Amino acid sequence: MSAPSANEAAAQLLDRISIATGRVISWLTLIMVITTFVIVVMRYVFDAGLIWLQESVIWMHAAVFMMGAAYTLQREDHVRVDIFYRELSVTRRAWIDIAGSVLFLLPLCAFLAYQAYDFVAVSWSLHEASRESGGLPYPLIPMLKSMVLLMPIAVALQGVALLLRSLAIIRKG
């Protein structure tokens with residue numbers, strides 16, 4: 001077996017980043033379930049609640065979806081209209097993946113990252129904290145809003161891995 005080309009090695013590295021991120025963020029779902037259970041017990045058994053704890057569940061939920069997007073793309077578990085795609089040869093699927101990455105995925109990620117930058121920068125510059133009394137303190141809100149910027153970057157990196165892998169398939173032809 002020959003050593004992987006530079007493109008294949010880069011795609012494998014980007015895949016490993018997405019896999020590691022996905023595995024780490026998947027544990028957040030367990031933490032979310034436990035936190036929700038604690039909130040329910042506190043509310044209905046002890047008639048008490050913590051705003052910051054309730055807000056944290058909302059933010060964890062957002063983090064799971066945003067930071068899990070690249071992992072989902074890497075595993076090819078994303079939504080795909082594959083009426084024709086699954087019946088095509090590997091080479092034709094690679095061409096479709098290249099077109100989809102270049103025409104849709106990468107430009108959309110660039111647009112989202114561009115739009116998110118000011119949103120995140122303002123949150124950090126204002127030392128934003130929760131609007132609710134007893135809510136999440138600074139720097140948690142800016143850290144969480146930073147995921148709005150990290151998500152398109154992570155998805156774009158995984159898109160580049162998909163692009164490189166597809167190019168390798170076409171070259172092997």
Out of all the residues in the range 31-81, which are within 26 Å of the chain's Cα centre (by Cα), over 22 Å from Met147 (Cα atoms) and of a type in the set (Phe, Trp, Tyr)? Phe37
Every residue in the range 92-147 that is assigned to a helix (DSSP H, G or I), among the polar types (S, T, N, Q) and over 19 Å from Ala62 (Cα atoms), please. Ser101, Ser125
Lys145 versus (1) modelled with pLDDT under 90; (2) surrounded by 12 or more Cβ atoms within 10 Å (Cβ to Cβ); (3) among the basic types (Lys, Arg): which is the lone unmet condition? (1)
Please give the number of the condition Ser101 fails out of (1) of a type outside the set (A, V, I, L, M); (2) free of Cβ contacts under 8 Å to residues at least 40 places away in the same chain; (3) closer than 30 Å to Arg171 by Cβ; (4) surrounded by 12 or more Cβ atoms within 10 Å (Cβ to Cβ). (2)
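Yes/no matrix, rows are residues, columns are (1) under 25 Å from Thr21 (Cα atoms); (2) not polar (S, T, N, Q):
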| site | (1), (2) |
| --- | --- |
| Pro107 | yes, yes |
| Ala110 | yes, yes |
| Ser123 | yes, no |
| His127 | no, yes |
| Gly135 | no, yes |
| Ile141 | yes, yes |
| Ile153 | yes, yes |
| Gly159 | yes, yes |
| Ile169 | no, yes |
Which of the following residues is among the acidic types (Asp, Glu), surrounded by 14 or more Cβ atoms within 10 Å (Cβ to Cβ) and closer than 28 Å to Tyr138 by Cα: Glu8, Glu55? Glu55
Note: among Arg43, Arg16, just one is of a type outside the set (Gly, Ala, Ser), modelled with pLDDT of 90 or more and under 30 Å from Leu164 (Cβ atoms), namely Arg16
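The values are calculated or read from the model by the stated rules, or taken from the named source; none is laboratory data. These numbers were taken from a predicted model, which means no experiment stands behind them. We place every Cβ from the backbone using ideal geometry, glycine too, and count neighbours over all the protein chains shown.
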